[in-house]
Structures are given as C-alpha cells and as structure tokens.
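Data block below; observations after.
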Amino acid sequence: MKKHLNKIWYKDYLWYFKIFTAGLSLGFLIYGFYMDVFVEYWYIKPFSSIVVQNKFFQNHAHFQNFDLLMSFYSVQVNIITIVWLILSIFNHHKENKTWFFGVNVKLAILNWDIIMFIIFWIGIITGFRTNQLNLGDFTTAQKACTTVTHFILPILFFIYVFISFGTTTISLKKEFWIKDLWLSCSYPLFYWIYVLIRAKIWLLDYETVWAFPYPFLDIYDPFIKNVSPTGMVFLIGFIFFIIFGGLQLLLTWLNNAMYKVFLKNQNKVLWYEKIIIKIKTKKKKESS
C-alpha cells in the first residue's frame, strides 16, 4: 500500500483529473453566467422603470443578475476552487512541496466546498418539503449548471483531495492553530463582510428581495427573533467561525489518521494491487 507520489505531469493521472474537474466546472460556470445575465434572467426580470417615493429608478437586469450570482457563496467557492486547480495544473511539480499547493490549503478549499455541498442539499430537501421548490420553475440550463457547480464539483474535489490525503502529517500546535484555522475561517468571514456591505448598498436603492443572497443571512429579519441587527452580525460571524473552524479540525484529524495508516501499511500489498501484479506478470509471460 503506497501513498500517491508526484510523477512527471503527463504520467500522473491526478494531473488529468485536475484538468477534467477544472474544465468541467469552469465551462458550466461560464455557461451559467452567460445564460443568466444575457439570455434567461434567472433571478431578476428586466422592466423599463419603477417609481419609489417619487424617485425614478431604471431596472438594470443584466448587471443585477450578474451581481446576484457573484453574491452567492457557492459561486465564489467555485471560482476559488477552479482558480486553485488551474494554478495547480501549471505547478503540478510543486504539489505537496509548497504551502500553497500543499495539503493545508487543499483542506481549507475542501472545507468550503463541503459546506457548499451541505447548504445545497439542505436547500433541496427543505424546498421540496415546504413546496417552495418546483423543478418546473428552473430552466434546463439552470438545472444543469446548478448540478455541476453545487453537486459534482464538490464530489470531484473531495475525491482529488482524498487521493492525495496522508502525504504528510499536520501539526496542530505549529500549523493548525497558527495558520490552518485562520485560513479556513478567513474567506467565510470576508464573505460575511462582503454580504453586509452589498446589502447596505442594495437597501439604499429600496431593493429588499435580493439584498441578502440567503434568507438566513438577513440581519433585519433574523432567524432568531428579538435579536438586534448588530447582534446578528456578531452571532453569524461567530457561527461561521465555529462551523468552518470545526470542520477544518475534523479534516486535519482525518489527514493525520490517513498518514498513520499509510505509514503503517506502506510495505503491504493490498488485494487490488495483487490482482494488478498478477495481470502484469501474465502479460509478460505471454509476450515472452
């Protein structure tokens, strides 16, 4: 049983796996932006103008749909994952040898992808149970793009990280508490600040429906009653820290456990490896 070791890029199946994952996700992400912003207007339909409190407002459906897509946590995590994969493709020889292309950063990105995956399924399940979700309301392009970016990409990235798990152990004292914990929480907290600033801008234009990308982030209609908007800001920030920090700790523990398993069984030959050896031996005998 051997750990995955980096090979020359064109001889390493993980290099091709990264190309497939990044290409598939990037293709559907671009396709989704095009269909939403320029063709189908998934969220905000175009209209000529509206008047609110004697003020004239013109609808900017193209920009508003683009802004709304960019405000979704899932879209931003997709972009982060795809960018990292593309950089990793061109720096395959540095994988697991530098911090940015090492297991620490991969686990942080996997952390964000897992949360995206969970939010997706929570939305699907609760939507069907409350009859708020109807597949007939979604276009074919919307369903295809959502499936790839919210469901397939997290699974593919998990498989990729899992294959490269256990290449090194992560010190809780020297690495996790000093760098990894804060890395895993940095983007979620930045995203929370971005959501608050964006909501303030939208509310200034009397737009309340899409001011917050997710209902549970609306500090003016909190999911916990009798909590002030300021209190919700700090409460949600704290919840983000606990969830993402806790998941990062779990992934770190899993990586270290895998490292111990590989270390213990590195000289053992597993059942599927025995089959491969028999096939290769048989082919050599036949060719000779």
Net dipole in debye of the chain [+1 Lys, Arg Cβ; -1 Asp, Glu Cβ; about Cα centre; nearest 20]: 2120
Estimated vicinal HN-Hα couplings, Hz - segment 85-98 in sequence order (Karplus 6.51, -1.76, 1.60; Gly, Pro = x): 4, 5, 4, 5, 4, 7, 10, 4, 5, 9, 5, 6, 10, 10
Approximate spin-label separation Trp182-Phe47, in nm, with each point projected 7 Å along Cα-to-Cβ: 4.8
Helix 271-287 vs. the chain, principal-axis angle (Cα, 0 to 90°, nearest 10): 60
CD proxy at 222 nm, helix term only [per DSSP H run n ≥ 4: -39500 (n - 2.57); per residue of the chain; nearest 500]: -20500 deg cm²/dmol
Segment 101-143 - convex hull of alpha carbons, volume per residue in Å³: 66
Virtual spin-label span in nm between Thr281 and Ile193, 7 Å along Cα→Cβ: 6.1
15 Å beta-carbon shell around Asp180, net charge (K/R +1, D/E -1): +3
Angle in degrees between helix 103-129 and the longest Cα principal axis of the chain, rounded to the nearest 10: 50
Dipole of segment 9-280 [Lys/Arg +1, Asp/Glu -1 at C-beta], most positive-end residue of Leu107, Thr130, Phe28: Leu107
Per-residue ³J(HN,Hα) for segment 132-141, Karplus 6.51 cos²θ - 1.76 cosθ + 1.60, θ = phi - 60°, Hz, x for Gly and Pro: 8, 10, 10, 4, x, 7, 9, 6, 4, 5
The chain - percent relative contact order, Cα under 8 Å, separation 6 or more: 25
Alpha carbon convex hull of segment 9-280, projected area averaged over orientations, nm²: 19.2
Ordering of 121-128, 35-42 by packing [mean C-beta count within 10 Å, highest first]: 35-42, 121-128
Residue-span extension gain [Phe158 to Leu87] - 0.36 nm each, minus C-alpha spacing: 23.8 nm
Nearest-ten-degree value, helix 181-204 long axis tilted from longest Cα axis of the chain: 20
Length gained when the stretch Asp205-Ala144 is fully extended (0.36 nm per residue, less Cα-Cα span): 18.7 nm
Among 65-74, 132-141, the order from most to least packed when residues are scored by Cβ within 10 Å on average: 65-74, 132-141
Options Ile163, Leu153, Val261, ranked by Cα towards positive dipole end of segment 9-280, top entry (Cβ charges): Val261
³J(HN,Hα) computed for each position of segment 205-216 - Karplus, 6.51 cos²θ - 1.76 cosθ + 1.60, integer Hz, glycine/proline x: 9, 6, 9, 9, 5, 10, 4, 10, x, 10, x, 6
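Quick note: the coordinates plus some simple rules give every number you see, no bench work behind them. What you see is a predicted model, and the numbers here were worked out from it, not measured in a lab. Neighbour counts run over all protein chains shown; Cβ positions are idealised from the backbone, glycine included.
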